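Structure first, then comments.
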Amino acid sequence: AVYEIIAQLLTASENSKVALYPEGEVELVDQYSITLSDSTSLNLLMIKGLEMIPRYLWMKNNEMVASISGNLHIVREDFKAFRKELQSLQGTYEDEYLFKIAKELSNKIDKVIIKNVNVFTPEGTIVNNQDVFIEGKKIKSIKPSKGKVLNGTAQVIDGTGKTLLPGMFDMHTHNTKFRGLLHLAGGITSVRDMANNKQLKQLSAQFDNNEIIGPNIVIFCGIIDGSGPFANQRNVVDNLEEGLAEIQSYKDLNYDQIKLYSSIRPEWVKPLAAKAHELNMRVSGHIPAYMTATQAIEQGYNEIQHMNMLFLNFMSDTIDTRTPLRFTMVANHGADVDLKSKEYLDFVSLLKSKDIVIDPTISLFENMFTSKKGVPSPTYSKIMKRLPLIEQRAFYSGGLPKEGDKAALFKDSYMNMLNALNDMYQKGISIVPGTDGLPGFLYHRELELYESAGIPAAEVLKMATINSAKITGTSDYLGSIEVGKNADLILIDGNPVENISDVRRVEWTIKGGTIFYADELYNKMGIKHFK
């Protein structure tokens, strides 16, 4: 395996570094000698430079015996019995590394004046040349800049020619301890977690205490799926009674929302939704196989994830949405969805009358439907060269296979998704920006695509801030720059109301009384800053 070869080269290297082709280098940051419960001695290597997240390799006699990365565990046959022990031991070293980074990159603030900065308002306008005074975690005053600083004890930050935005909300995330840095570096201070393990509250507390760098998790969404060959393994139930019990279990953990997945049996949806609503929880998700979005809404959905799930509404309730058909059917037939047809207009009226929220993750479909194998994906092309080498390679894969005329057809289907997104916005449907993918960078692309669909940049930024705060029930203290609210703020080198792509130019993020510099956060993940 390539990892084993790199590990061998690194341990033999005099400076613990190895150059990569065609660019970059990999570094052996640390190695630990560890004795397992059966007295076997192994070396755990921590390697940086291949990916954004450090790679940990377990070695014995210069041979790799395991590589554990998140949910992917590759373990040599003779060490299979030790998999959980290896995972637990490695987790301790990972946490220590993240605790160290948090101490190193966190800059506590007491009193700060951001001087002569242009401020984005909750109405979507820019007020130029303001002095914003922060004390601790709160915004204390916002006043026109007079050219002098009255509070001599405050730290002064020059905001001339730059834009102060509220921290943004990524409304579709799956958080891990390593991903928090990317959110804050990208200007995202609050997130909804749309399915995770039941230990998520522990990670959230570590984010809140700044023990590990990460965003506020403002909505916790539990997931339930039915059994079967395509089940989402995070939480599978075999019958309705188990599903009802799981909803209660999530409520007991103070979760806010339930996400139903593609293998849920259609006849379960109504009673599951009723149970969730009885507990004051929202219901959202994929549309289960052999249902339509219309049926799911009528049986209790409050929200739908992913634009393809909306488009499938116009195709058939005979589609097995557990399989890749949920993508290929839309790629092949999405261009045919008529946005002036009675069927479509009736559906949008239903969305409006039931106040259904749409979580389109449109950038996923740009990559899936329009990218070409061997060519940089348009979704990631602006940032690829900033990333470590292995991350770059993933963006040449080309999404769905597209032979012959399929490339043009799939692009037309994707463009019709953008048309529908703009049409739903024009008709007053609540739309929330989320990624379900690479934090920060994919979020910036999501916002760019909303604007390219025809939604004004100021309105897109409101979706990313105050609108999301209202939908998550946090607008009393988050989502806008107003006196008395939390000082979760980002400084943009540019004006994203005039050029939405300026959201990529985050200089720093303030969250919870701490300022984080984007270049320092990116540097820790082997990513180049925009400058």
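Every number in this text was worked out from the coordinates using simple rules, so none of it is lab data. Predicted, not measured: the structure shown is a model, and the values here were computed from it. Counting neighbours? That spans all protein chains shown, and the Cβs are built from the backbone with ideal geometry, glycine included.
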Highest first, please rank the peptides 456-463, 375-382 by the mean number of other Cβ atoms sitting within 10 Å of their residues. 456-463, 375-382
Around Gly334 (Cβ within 12 Å, Cβ-to-Cβ, excluding Gly334; K/R +1, D/E -1) the net charge comes to -1
What the Cα atoms of the stretch 1-48 span along the principal axes, largest first and in whole Å, is 42, 22, 16
Order of 71-78, 207-214, 240-247 by packing, highest average Cβ count within 10 Å first? 207-214, 240-247, 71-78
Within the stretch 256-349, report the trypsin sites (Lys or Arg not before Pro) that DSSP leaves as loop and that have at most 14 other Cβ atoms within 10 Å. Lys340
Sequence-distant or interchain residues sharing an amide H contact under 5 Å with Ser141, placed H: which? Phe133
Given backbone amide H placed at 1.01 Å from N, residues whose amide H is under 5 Å from that of Asp30, ignoring those fewer than 5 places away on the same chain, are Met46
For the stretch 352-389, list residues with backbone N below 18 Å from a point placed 7 Å from the Cα of Lys411 toward its Cβ? 363-382
Which ³J(HN,Hα) values in Hz, rounded to whole numbers, follow from the phi angles of the stretch 36-41 under the Karplus curve 6.51 cos²θ - 1.76 cosθ + 1.60, where θ = phi - 60° and Gly and Pro get x? 7, 4, 9, 6, 5, 9
Holding the Cα-Cα limit at 21 Å, pick out from Lys382/Lys427; Lys103/Lys137; Lys340/Lys427; Lys270/Lys427; Lys485/Lys511; Lys382/Lys528 the pairs that are longer than that. Lys382/Lys427; Lys270/Lys427
Can you give the calculated 222 nm mean residue ellipticity of the chain, where each DSSP H run of n ≥ 4 adds -39,500 (n - 2.57) and the sum is split over every residue, rounded to the nearest 500 deg cm²/dmol? -9500 deg cm²/dmol
Rounded to whole Hz and in sequence order, give me ³J(HN,Hα) for the stretch 431-440 from the Karplus expression 6.51 cos²θ - 1.76 cosθ + 1.60, θ = phi - 60°, writing x for Gly and Pro. 10, 10, x, x, 10, 6, x, 4, x, x
Phi angles of the stretch 395-407, converted by Karplus (6.51 cos²θ - 1.76 cosθ + 1.60, θ = phi - 60°) into ³J(HN,Hα) in whole Hz with x for Gly and Pro, give 8, 10, 6, x, x, 5, x, 9, 9, x, 6, 4, 4
Using a 10 Å cut-off around each Cβ, can you sort Trp58, Trp508 from fewest to most neighbouring Cβ atoms? Trp508, Trp58
Give me His286, His183 sorted ascending by neighbouring Cβ count inside 10 Å, so fewest comes first. His286, His183
Percent of Cα-Cα distances greater than 20 Å, calculated over the stretch 2-105: 38 percent
If amide H atoms are built 1.01 Å from N in the plane of the peptide, which residues on other chains or at least 5 residues away come under 5 Å of the amide H of Gln130? Asn116, Val117, Asn118, Val119, Ser145
